[in-house]
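The values are calculated or read from the model by the stated rules, or taken from the named source; none is laboratory data. Nothing here was measured: the structure is a model prediction, and the numbers come from that model. Cβ coordinates were reconstructed from backbone atoms using ideal geometry, including for glycine residues, and neighbour counts include every protein chain displayed.
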């Protein structure tokens, strides 16, 4: 078993664990974390595939795709967290704070 195959299998296992977490988790935060785990598994598979058998230098295109994917994943995670916090605030207060600001009820 080569190192590339080992990393590809590890990435597939991480992807599967994250996918199970997406399906099973009830909490929105846990689903967001599971989505990040799915992304990490996909990134690991892409990097292992870019490495190849080790005889040639690694391909730069999959590495650039993974780097771009990491940046996008961080921004989507931040957006998702802000939406979860906002949803929690709306559910616990019973109303939307931005509607008070729009009507002039805010400070």
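Condition first: over 28 Å from residue 86 (Cα atoms), part of a loop (DSSP other than H, G, I, E, B) and at pLDDT below 95. Can you find one or more residues in segment 1-10 that meet it? Yes. For segment 36-53, a residue qualifies if it is over 22 Å from residue 3 (Cβ atoms) and in contact (Cβ under 8 Å) with a residue 40 or more places away in the chain, and exactly one does: 36.
Looking at residue 48, is it surrounded by 14 or more Cβ atoms within 10 Å (Cβ to Cβ) and under 30 Å from residue 89 (Cβ atoms)? Criteria not met by residue 48.
Taking residues in segment 72-101 that are at negative phi and exposed (fewer than 11 other Cβ atoms within 10 Å of the Cβ), and partners anywhere that are at pLDDT below 95 and assigned to a helix (DSSP H, G or I), not one pair has Cβ atoms closer than 7 Å while being at least 6 places apart or on different chains. Looking at this structure, is residue 16 under 15 Å from the mean Cα position of the chain (by Cα) and under 16 Å from residue 73 (Cβ atoms)? It is false that residue 16 is under 15 Å from the mean Cα position of the chain (by Cα) and under 16 Å from residue 73 (Cβ atoms).
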